[in-house]
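These notes are about the structure you will find just below.
The values are calculated or read from the model by the stated rules, or taken from the named source; none is laboratory data. All values reported here derive from a predicted model rather than from experimental measurement. Quick reminder, even Gly has a Cβ in these numbers, built from the backbone with ideal geometry, and neighbours come from all protein chains shown. Heads up: the accessible areas ignore ligands, DNA and RNA and are worked out on the full protein's heavy atoms, side chains in. Shrake-Rupley method; radii C 1.70, N 1.55, O 1.52, S 1.80 Å.
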Amino acid sequence: MAEIKKPILIFMPSMEGGGVEKNIIIISNYLSKFTNNLKLITYDKKFKKHFKKNIKIISPRYKKKKPSKYFKYFLCLILLIKEVLYEKDVLVFSFQANIYCIIICKLFSVKVISRSNSAPIGWSKNFIKNFIFRFVLKLSNEVLVNSYQFKNDLKKEFN
């Protein structure tokens, strides 16, 4: 893989521990080999030691003892807006809060890759959620999923 010139911003507001966190660590550390301009926006810094030193971790200064995931998302979305305003030619890789992240990126004409980890069967029966996901996911430049089955489900459900 050649050197990546474009700044990369990884968006993962809430890191509790598990498969998604393991993936983000692996992907971030791999990408850091090809760029010195890789940033991670997250509320939680407890996994910081697992990331390579050249990855800049951006986290809100304000902290609550037991924040809800929506509080984390809100603060991190503000940081996302700040970063895309500062770094005009950035690529955003969203691991969570994809709908909000995609909308913000499209408002600022920023390319966005979304990682979807929830199968459409869980929310496709709800008309409003179905409409929102159908419309907003298509705005993403790419959508990454966990498996071929998941890919086929998304294609079938949302074309």
Query raised in the report: So what is the 222 nm mean residue ellipticity for the chain from helices alone, if each DSSP H run of at least 4 adds -39500 (n - 2.57) and you divide by all residues, rounding to the nearest 500 deg cm²/dmol?
Result: -12500 deg cm²/dmol
Query raised in the report: Roughly to the nearest percent, how much of the accessible area of the chain is carbon and sulfur, given a 1.4 Å probe?
Result: 58 percent
**Report entry** Loop-exposed GluC sites (Glu not before Pro) per DSSP, neighbour cap 15 Cβ within 10 angstrom, longest uninterrupted part of the chain
**Finding:** 17-159
Requested in this report: At 1.4 Å probe size, with every protein chain present, just tell me what the per residue accessible area of the chain comes to in Å².
Outcome: 61 Å²
Requested in this report: For the chain, set up a Gaussian network in which alpha carbons nearer than 10 Å are linked by springs, and say which option among 52, 66, 39 fluctuates the most.
Outcome: 66
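Take the Cα pairs of the chain, get the Kirkwood Rh, then feed it into Stokes-Einstein at 4 °C and 1.567 mPa s and tell me D in µm²/s.
It diffuses with D of about 79 µm²/s by this estimate.
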Query raised in the report: Mind checking the angle between helix 69-86 and the chain's longest principal axis? C-alpha axes, 0 to 90 degrees, to the nearest 10.
Result: 70 degrees
Query raised in the report: Using the Cα atoms as the points, what is the convex hull volume per residue of region 1-62 in Å³?
Result: 79 Å³
Report summary line: Around residue 37 (Cβ within 9 Å, Cβ-to-Cβ, excluding residue 37; K/R +1, D/E -1) the net charge comes to +3
